[in-house]
Ligand code: ACM
Ligand code: ZN
């Protein structure tokens, strides 16, 4: 127990102040005192224990010292995150309470969706976010890299993507909150301030992927197809149905110009892009979008209609289904699975495609019943671009007509509505931080934290062990740590 001394009698111990709450905690009576957090980390003895579940760990703090056991590196890492949260200032040094914790996650996919397209946040915000995610045992960063408003990843074979596709001719002015029922265009004004070029080079991507891997976080890249493609069409107009020239969109919404599903050239382009993406991202799952793909252009396009006829597809939805299956098979040959937003279910993809349920839980419920694995992120409450319901909030939000308060986020259960026998299909869930109404990294952080702390507990802690009252008591200290240790901007707790 080098460096540790038995602390003075602690009396009744405070509840273990850790988020996400570990699944089994036995508190002891006493604590170890150290000069600083580095001395705590150095005092740990680690052991392998193959009987502990994946990502799980046992952590024992007693007068015999600090012991960690785990079956894998992720478990050892998470034990250290718990230890870090248990370490609190105490007089001149820090102390760690006596405790025995046996812990393992409820879900495998504990994610955050990061939209770098509508606004671009860059490596520093990403790295801070990855640090804070690791602190919360979140393990998937779903990186939204391509959109109508910007293409944010360098692709060597198609350099125009980040020349023409990474800069848009303006943005809607701030403070253009769209209220439910209003046409989205109303009141939108172009500020005519060019936005960009903003993108990540392949070296940047490798740096971020490595930074995440050191923290046991997988980065799942998303290349949107066939919709949300206008920035790519701005770079290469021949990839669309009409060949018209475009600029990336200055305003938010859904462009009706999408990738042409009938063009072999477009299919080859997407394969080439996915080749480079697979070379950069070791993730076993690649996101191919699939949401909000209006079929107006496909209905009028001779190439799209010819493919529908030649393959006997069920109209334009069938064509999107064919694309989903095509890229699922293409990626499978590279050893990767695909994931798509819940609209891809309409095209009857094979069960190899993982479904990300966003329009509500129904897509995920249906998908699990049909044998798909699912990741749940229903708008309510997982879209953390929704207002937080704070008394006084300086920032603007999208408006889906409800407040995604901290407590509402805490109520999330990814398995809700899915029969017990299908629970193995629920990989987990995530919070989605879209960035249309978020103009800077610090605003983006304010929307993430502490609501991601609540979602992290929903994804890690067994349902029976969750309690809003307990979380509400623990969150202030974790929020303070986010601000002090990670330099996060975090919303207040009301
Ligand atoms: C989505 O929010 N369009 C997936
Ligand atoms: Zn077409």
Would you please name the residue that is nearest to ligand 1 (Cβ to nearest atom), looking only at residues in segment 236-282 that are touching a strand residue (DSSP E or B) at 6+ places or on another chain (Cβ under 7 Å) and over 30 Å from residue 332 (Cβ atoms)?
252
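If you check residue 477 against the conditions, is it in contact with a strand residue (DSSP E or B) (Cβ under 9 Å, 6 or more places away or on another chain), assigned to a helix (DSSP H, G or I) and surrounded by fewer than 23 Cβ atoms within 10 Å (Cβ to Cβ)? Even if it seems obvious, please write down each step before you answer.
Values: in contact with a strand residue (DSSP E or B) (Cβ under 9 Å, 6 or more places away or on another chain): yes; assigned to a helix (DSSP H, G or I): yes; surrounded by fewer than 23 Cβ atoms within 10 Å (Cβ to Cβ): yes.
Spelling it out, residue 477 is indeed in contact with a strand residue (DSSP E or B) (Cβ under 9 Å, 6 or more places away or on another chain), assigned to a helix (DSSP H, G or I) and surrounded by fewer than 23 Cβ atoms within 10 Å (Cβ to Cβ).
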Tally up the residues in segment 287-323 that are touching a strand residue (DSSP E or B) at 6+ places or on another chain (Cβ under 9 Å) and within 16 Å of ligand 1 (Cβ to nearest atom), please.
7
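Among 261, 227, which is over 30 Å from residue 133 (Cβ atoms), within 16 Å of ligand 2 (Cβ to nearest atom) and part of a loop (DSSP other than H, G, I, E, B)? Walk me through it before giving the result.
Numbers: 227 fails: over 30 Å from residue 133 (Cβ atoms).
None of the other options fit; the residue is 261.
Give segment 250-262 a look and list any residue that's touching a helix residue (DSSP H, G or I) at 6+ places or on another chain (Cβ under 9 Å) and surrounded by 19 or more Cβ atoms within 10 Å (Cβ to Cβ), or say none.
Step one: of segment 250-262, the residues touching a helix residue (DSSP H, G or I) at 6+ places or on another chain (Cβ under 9 Å) are 255-262.
Across segment 250-262, the qualifying residues are 255, 257, 258, 259, 260, 261, 262.
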Output the number of the condition that residue 439 fails; it satisfies all remaining conditions of (1) more than 14 Å from ligand 1 (Cβ to nearest atom); (2) in a loop (DSSP other than H, G, I, E, B); (3) closer than 26 Å to residue 124 by Cβ; (4) at pLDDT 95 or above.
(4)
Looking at this structure, is residue 281 away from ligand 2 (no atom under 16 Å from the Cβ) and in contact (Cβ under 8 Å) with a residue 12 or more places away in the chain?
yes
Counting only residues that are within 20 Å of residue 295 (Cα to Cα), buried (at least 24 other Cβ atoms within 10 Å of the Cβ) and either within 13 Å of ligand 1 (Cβ to nearest atom) or within 22 Å of the chain's Cα centre (by Cα) (or both), segment 343-370 contains a total of 1
When segment 383-399 is checked residue by residue, the ones that are within 14 Å of ligand 1 (Cβ to nearest atom) and in contact with a helix residue (DSSP H, G or I) (Cβ under 7 Å, 6 or more places away or on another chain) are 384, 385
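Do any strands (runs of 3 or more DSSP E) entirely within segment 39-150 hold 3 or more residues that are modelled with pLDDT under 95, and if so, which? I'd like the intermediate steps shown before the answer.
Details: elements: 44-48, 57-62, 65-70, 88-90, 93-103, 109-115, 140-144.
Strands (runs of 3 or more DSSP E) meeting the threshold: 88-90.
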Residue 430 vs. criteria surrounded by fewer than 20 Cβ atoms within 10 Å (Cβ to Cβ) and modelled with pLDDT of 95 or more
no
Evaluation of residue 221 against (1) assigned to a loop (DSSP other than H, G, I, E, B); (2) within 16 Å of ligand 1 (Cβ to nearest atom); (3) crowded, with 21+ Cβ neighbours inside 10 Å (one fails), failing number
(1)
Pairs with Cβ under 9 Å, 6+ apart, first in segment 229-246 and free of Cβ contacts under 8 Å to residues at least 24 places away in the same chain and within 14 Å of residue 169 (Cβ to Cβ), second within 16 Å of ligand 1 (Cβ to nearest atom) and assigned to a helix (DSSP H, G or I):
246/230; 246/231
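Look at residue 268 and say whether it is within 16 Å of ligand 2 (Cβ to nearest atom), assigned to a helix (DSSP H, G or I) and at negative phi. Give the steps one after another, and end with the answer.
Details: within 16 Å of ligand 2 (Cβ to nearest atom): yes; assigned to a helix (DSSP H, G or I): yes; at negative phi: yes.
Yes: the conditions hold for residue 268.
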Is there any pair with a first residue in segment 173-201 that is under 22 Å from residue 114 (Cα atoms) and a second that is exposed (fewer than 11 other Cβ atoms within 10 Å of the Cβ) and at pLDDT below 80 whose Cβ atoms are under 8 Å apart and which are 6 or more apart or on different chains, and what are they?
178/186
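For segment 271-300, name all the residues that are in a loop (DSSP other than H, G, I, E, B), out of contact with any helix residue (DSSP H, G or I) (no Cβ under 8 Å at 6 or more places or on another chain) and more than 30 Å from residue 108 (Cα to Cα).
Of the residues in segment 271-300, the ones in a loop (DSSP other than H, G, I, E, B) are 281-284, 288-295.
Cutting the leftovers down to out of contact with any helix residue (DSSP H, G or I) (no Cβ under 8 Å at 6 or more places or on another chain) gives us 283-284, 289, 294.
Within segment 271-300, 294 is the sole residue that qualifies.
The values are calculated or read from the model by the stated rules, or taken from the named source; none is laboratory data. Predicted model, so just to flag it, every value in this text is computed and none were measured. Because the Cβ atoms are built from the backbone with ideal geometry, glycine has one as well, and the counts that use them run over all protein chains shown.
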